[in-house]
Amino acid sequence: MIHVNRVHHIAIICSDYERSLEFYKKVLGFTVLAENYREESKSYKTDLALGNQ
């Protein structure tokens, strides 16, 4: 069995950004560190944190 201590980052692509962000914040308890709209790809890149990690 693999034991994971930390995860550096994960990229998730979703079709409903607002709904997905609310899920990560309200259900999973993540906080937003930074949120950037990328005009060239018409998408957001949002950095989230869980706890103090």
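The values are calculated or read from the model by the stated rules, or taken from the named source; none is laboratory data. This one's a predicted model, so the numbers in the text were calculated from it and none came from an experiment. So basically every Cβ, Gly included, is an ideal-geometry build from the backbone, and we count neighbours across all protein chains shown. We work out accessible area using only protein heavy atoms, side chains counted, and drop any ligands, DNA or RNA first. Shrake-Rupley method; radii C 1.70, N 1.55, O 1.52, S 1.80 Å.
For segment 33-50, the set of residues classified as touching a Phe, Trp or Tyr at 6+ places or on another chain (Cβ under 9 Å) and aliphatic (A, V, I, L, M) consists of 48, 49, 50, listed by residue number. I need the full set of residues from segment 43-53 which are assigned to a strand (DSSP E or B) and of a type in the set (Gly, Ala, Ser), in order please. Of everything in segment 43-53, those that are assigned to a strand (DSSP E or B) and of a type in the set (Gly, Ala, Ser) turn out to be 43, 49.
Sub-9 Å Cβ pairs linking a first residue in segment 36-49 that is free of Cβ contacts under 8 Å to residues at least 12 places away in the same chain and under 17 Å from residue 22 (Cα atoms) to a second residue that is of a type in the set (D, E, K, R) and exposed (fewer than 10 other Cβ atoms within 10 Å of the Cβ), at least 6 apart or interchain, are 45/38, ordered by first then second residue.
Restricting segment 25-37 to residues that are of a type in the set (A, V, I, L, M) and part of a strand (DSSP E or B) leaves a set whose member that is surrounded by the most Cβ atoms within 10 Å (Cβ to Cβ) is 32. If only residues of segment 1-24 that are part of a helix (DSSP H, G or I) and touching a residue at least 12 places away in the same chain (Cβ under 8 Å) are counted, the one that is surrounded by the fewest Cβ atoms within 10 Å (Cβ to Cβ) is 17.
Condition check: part of a loop (DSSP other than H, G, I, E, B), charged (D, E, K, R) and open to solvent by 100 Å² or more (accessible area, probe 1.4 Å). Does residue 40 satisfy that? When the stated conditions are applied, residue 40 passes them.
Of the residues 23, 30, the single one that is in contact with a helix residue (DSSP H, G or I) (Cβ under 7 Å, 6 or more places away or on another chain), modelled with pLDDT of 90 or more and of a type in the set (Phe, Trp, Tyr) is 30.
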